[in-house]
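A.B. asks: Starting off with a structure, shown below.
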C-alpha cells in the first residue's frame, strides 16, 4: 500500500497534472453511498487514508514513469 500512496503523492506534481486519476481507499470501500463517503471524508485527513489501488489514465510514458517499478506490472 505504501507504493500506491507514494505514486498518488507524485500525481500532485505539475508534470503529471494532465493524467486522469481515480483512487480506491479503505474509507471509500466501506461506504455504501456517495453521500456517506462525503460525510466520512470530512473528518479524515488524507494522510490517514490507506489506498488499495489507483487507476491512472493518460500518456503511456508518464504512466510508466510512475508505475514502472511495480513488480506486478513487469
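A.B. asks: Across segment 10-28, what is the total count of residues that are part of a helix (DSSP H, G or I), loosely packed, with under 13 Cβ neighbours inside 10 Å, in contact (Cβ under 8 Å) with a residue 24 or more places away in the chain and more than 12 Å from the chain's Cα centre (by Cα)?
C.D. replies: 1
A.B. asks: When residue 31 is evaluated against the numbered criteria (1) in a loop (DSSP other than H, G, I, E, B); (2) free of Cβ contacts under 8 Å to residues at least 40 places away in the same chain; (3) surrounded by fewer than 14 Cβ atoms within 10 Å (Cβ to Cβ), which criterion, by number, is the only one it fails?
C.D. replies: All conditions are met except number (3).
A.B. asks: Within segment 47-62, does at least one residue satisfy the condition of being surrounded by 14 or more Cβ atoms within 10 Å (Cβ to Cβ), over 13 Å from the mean Cα position of the chain (by Cα) and in a helix (DSSP H, G or I)?
C.D. replies: yes
A.B. asks: Does residue 5 meet the test of being within 10 Å of the chain's Cα centre (by Cα) and not in a loop (DSSP other than H, G, I, E, B)?
C.D. replies: yes
Any read-out appearing in this document is the output of simple, stated calculations on the displayed coordinates, not a laboratory observation. What you see is a predicted model, and the numbers here were worked out from it, not measured in a lab. So basically every Cβ, Gly included, is an ideal-geometry build from the backbone, and we count neighbours across all protein chains shown.
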